[in-house]
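Read the structure below first, then the notes.
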RNA sequence: CGGGAGGUAGUUCAGCCCGGUAGAAUACCUGGUUUGGGACCAGGGGGUCGCAGGUUCGAAUCCUGUCCUCCCGACCA
């Protein structure tokens, strides 16, 4: 089968879908809006998860697990949060099926098995967790609580897209409780830094750290911090969020503690999360018309070796050499795969592993053995070189680092070129329509103007960058005075 | 949720208008020749035509319903 990939220029959306499906990351399923994450895609997620998990633990967090279901009465306790998610909740109303009396072999919902109280399938877990924390916290000595959970959540989205927006998705959600506001804000910012560190240094994807406007804030938060990335089509993607929840949930669930002077106060909270959506961002930011390009640090397979041989004798000689190469690479903790399957010829394998985004391909044949070399091909640049087998493993190790860095540099150069100042409304629209990317523009600071801009230009304020430069200016829409530029973009 | 397109072999699709024994390419299996950018020859297996009803002597084809997918929009922290 020839797996033709639609080019980005021809149809960007289709290109994206082709990469996910033909690259073997995921499949559609029989369930509306839900995808199957295939082994290759899940291996990628596992690598991301393992790195993040270690980062969380290194910053003092521990893992726990809370229920999938949230009783409706708990869910509605924090009103802002509940209202924000109400429209996209799946709800369990019954607990039993029974044989359909009219059609043999079919089942119907047993009307007698209606739940006293409906259960909401979590779209996020603040409610069930804060209901639990109430029982864990009495004194300042019980704080802070630094808990993370790896889980699935369900948000009944109108329109879904593989990885970027699915009805069910995998994520982690950190939920912390603190004695002081200052400590909670420090935690919120610390976790934002962890996300930025991960996305930039492991996924090779540059991000802008900032805070959301009240309009775009997480329902129930006092402040939402975010990291924003830029995709190759010039649209922005929210890659992670970290929320300062104030005392909102503590008040909703009556979680108080005694401080060291025996004074009662509500607990301060944060929550933060990243999801499988990151995979969508990874795909869109780095890949090309030949397939995926995965950053070496998280690629399931970092190096693939393809043998080229005529006959059994040559194959045996190559096997012997390759086995020693594999041993050397494994000693350096490099994830290597030897594809000596005989049902595909080398050319087919080359194309296949390019599609799957394996960072480095080693091709080795009799000709190479005679010269004590191997052909090394980089996925990111498509560059091929002949490299001596002596010291090959060190060369590969260095090359993996070079590729990782090159991918980041390339993405960053593209991102930096696509942050443009706009001083007038016409200029603003012009940039969004033609150049695309982030537009840095003055805004009068009102939710009404933000809403109006969204309606007219289909662009939202992605964030107000941290440590944003302060400068006098006038709002691009209303002409009212403004103290700083904010980052707008069309977004996923 | 609105508009458009689609669901037939593992995959990509033809057949449908005009009802009458389900096709092609590719993939797969066997044997052989091959192997430095998606190999070739010969033989072979594989589909309740998304699902459920209806019309009919007969339905992939006509009708109704329903599920799923894609694209555009609305929605979306």
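Points to keep in mind about this one:
- For segment A:322-364, the spread of Cα positions along each principal axis, largest first, Å: 29, 21, 13
- Kirkwood radius, segment A:228-349, all distinct C-alpha pairs, inverse of mean reciprocal distance: 19.9 Å.
- Ranked packing of A:213-222, A:450-459, A:36-45, A:350-359, most packed first, by mean Cβ within 10 Å: A:350-359, A:213-222, A:36-45, A:450-459
- Compactness of segment A:188-292 is given as radius of gyration and Dmax, 17.5, 65 Å, from Cα positions.
- Restricted to Cα atoms, segment A:419-489 shows a radius of gyration and a Dmax of 10.8, 29 angstrom.
- Annotation: the antiparallel percentage among DSSP beta bridges lying fully within chain A is about 80.
- Length gained on full extension, residue A:483 to residue A:330, computed as 0.36 nm times the residue gap minus the Cα-Cα distance: 49.6 nm.
- Among A:99-109, A:411-421, A:122-132, the peptide with the highest mean count of other Cβ atoms within 10 Å heads the list, and the full ranking is A:122-132, A:411-421, A:99-109.
- Percent of beta bridges antiparallel (DSSP, segment A:401-492, rounded to nearest 5): 70 percent
- Alpha-carbon Debye profile of segment A:366-426, log10 I(q)/I(0) at 0.30 Å⁻¹: -1.20
- In angstrom, the C-alpha Rg and Dmax of chain A are 26.0, 83.
- Each residue of segment A:136-214 gets 161 Å³ once the volume of the Cα convex hull is shared out per residue.
- Cα-only Debye scattering, segment A:303-414: base-10 log of I(q)/I(0) at q = 0.12 Å⁻¹: -0.41
- Here the sum of -39500 (n - 2.57) over DSSP H runs of 4 or more residues, divided by the residues of chain A, equals -11000 deg cm²/dmol at 222 nm, to the nearest 500.
- One decimal place: the segment residue A:454-residue A:54 gains 140.1 nm when fully extended, by the rule 0.36 nm per residue minus the C-alpha distance.
- In nm, spacing of pseudo-spin labels at residue A:142 and residue A:109 (7 Å Cα→C-beta vector): 3.7 nm
- Rg(Cα) / (2.2 N^0.38 Å) computed for segment A:1-67, rounded to two decimals: 1.54
- Stokes-Einstein translational diffusion, segment A:1-158 - Kirkwood Rh over all Cα pairs, 1.567 mPa s, 4 °C, in µm²/s: 65 µm²/s
We did not get these values from a lab; they are worked out from the coordinates using the rules stated. None of these values were measured; they are calculated from a predicted model. Neighbour counts are summed over all protein chains in view; Cβ atoms, including those assigned to glycine, are modelled from backbone coordinates with ideal geometry.
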